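Let me begin by presenting the structure, written as structure tokens, before commenting on it.
The values are calculated or read from the model by the stated rules, or taken from the named source; none is laboratory data. Predicted model only: the values in this text are computed from it and were never measured. Here the Cβ positions follow ideal geometry from the backbone for every residue, glycine too, while neighbour counts run over all protein chains shown.
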Amino acid sequence: MSAVSAVPPAPRQVGWLDLAAVIRLNRLCFPDPYSVSRFAGFLLTPRCYILAVGPASDLRGYVVVSHQTCPAPPRLVAEVTSIATHPDARRQGVARLLLNEVCQREAAAGIGQLYLQVAVSNLAAQTLYASLGFVRDRRLPKYYQSGEDAWLMVRALEPETRPD
Ligand SMILES: CC(C)(COP(=O)(O)OP(=O)(O)OC[C@H]1O[C@@H](n2cnc3c(N)ncnc32)[C@H](O)[C@@H]1OP(=O)(O)O)[C@@H](O)C(=O)NCCC(=O)NCCS
């Protein structure tokens with residue numbers, strides 16, 4: 001990774017040309033990374049998208065967002081499916097920038113709720129999410145392959161939501 005400037009560049013939408021860089025960062029950041037086909041599926045799924053900070057040659061972070069239909073009352077909600085920041089670019093506001101952009105996009109699209117799952121041991125990510133208004137909804141026993149539990153965290157989105 002090149003020398004990092006103080007202000008991260010604005011998030012941009014990832015397409016096929018940049019997908020390999022996102023997959024590399026996912027592998028660098030997680031012990032149980034997603035497969036190439038899963039990432040390809042994100043780009044092929046309607047309403048699913050990937051945002052990134054930095055060019056493919058110097059990718060600082062990414063977030064994958066997908067959507068689910070909740071049955072009662074019937075509504076579409078958004079999920080932060082994966083988010084990571086390059087180890088050399090952490091604590092510089094990259095993840096906050098990505099999540100604020102997601103909140104703004106989803107609120108503008110009329111989505112009322114954003115949710116995610118986070119390992120109970122991942123205090124860095126939980127601190128990040130709490131700082132952005134996510135609250136714990138419930139504990140998901142043995143959510144991960146390792147057997148670890150997850151917290152389901154949710155944030156309500158209002159039409160007037162603006163970046164923090
Ligand atoms: C969690 C992660 C995405 C945070 O990315 P980041 O770009 O470093 O986060 P930011 O710089 O935007 O941090 C914003 C706020 O989150 C909190 N935070 C982030 N990292 C933290 C840490 N290691 N310890 C405590 N708080 C932390 C802080 O409140 C921080 O604000 P501050 O720096 O002004 O104190 C990053 O550590 C990462 O990629 N981890 C590995 C992958 C992962 O765990 N992803 C989440 C899976 S649910």
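For the range 53-69, which residues satisfy the criterion of being over 10 Å from the mean Cα position of the chain (by Cα) and either in contact (Cβ under 8 Å) with a residue 24 or more places away in the chain or not in a strand (DSSP E or B) (or both)?
Val53, Gly54, Pro55, Ala56, Ser57, Asp58, Leu59, Arg60, His67
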Qualifying residues in the range 52-84 (those that are surrounded by fewer than 22 Cβ atoms within 10 Å (Cβ to Cβ) and touching a Ser or Thr at 6+ places or on another chain (Cβ under 7 Å)) - the one farthest from Arg27 (Cα to Cα):
Leu76
With the condition kept exactly as written, say whether any residue in the range 26-43 is of a type in the set (Val, Ile, Thr), farther than 27 Å from Pro141 by Cβ and either in a helix (DSSP H, G or I) or touching a Leu at 6+ places or on another chain (Cβ under 6 Å) (or both).
yes
Per the filter on the range 19-46, residues modelled with pLDDT of 95 or more and acidic (Asp, Glu) are none
Assuming Leu99 fulfils every condition listed in (1) away from the ligand (no atom under 11 Å from the Cβ); (2) within 17 Å of Arg12 (Cβ to Cβ); (3) out of contact with any Ser or Thr (no Cβ under 9 Å at 6 or more places or on another chain) apart from one, which condition is it?
(1)
Tabulated pairs, the range 90-115, first more than 16 Å from Ser131 (Cα to Cα) and among the small types (Gly, Ala, Ser), second at pLDDT 95 or above and crowded, with 19+ Cβ neighbours inside 10 Å, C-beta under 8 angstrom, 6+ apart or interchain:
Ala107/Leu157; Gly112/Leu157
Subset of the range 66-84, residues of a type in the set (Gly, Ala, Ser) and either touching a strand residue (DSSP E or B) at 6+ places or on another chain (Cβ under 9 Å) or within 16 Å of the ligand (Cβ to nearest atom) (or both), comes to Ser66, Ala78, Ser82, Ala84
What pairs can you find where one residue is in the range 121-149 and aliphatic (A, V, I, L, M), the other is modelled with pLDDT of 95 or more and within 12 Å of the ligand (Cβ to nearest atom), and their Cβ atoms are less than 6 Å apart, with a gap of 6+ or different chains?
Ala125/Val118; Leu128/Ala95; Leu132/Leu99; Leu140/Ala150; Leu140/Leu152
All but one of (1) in contact with an Asp or Glu (Cβ under 6 Å, 6 or more places away or on another chain); (2) in contact (Cβ under 8 Å) with a residue 40 or more places away in the chain; (3) polar (S, T, N, Q) hold for Ser82, so report the exception by its number.
(1)
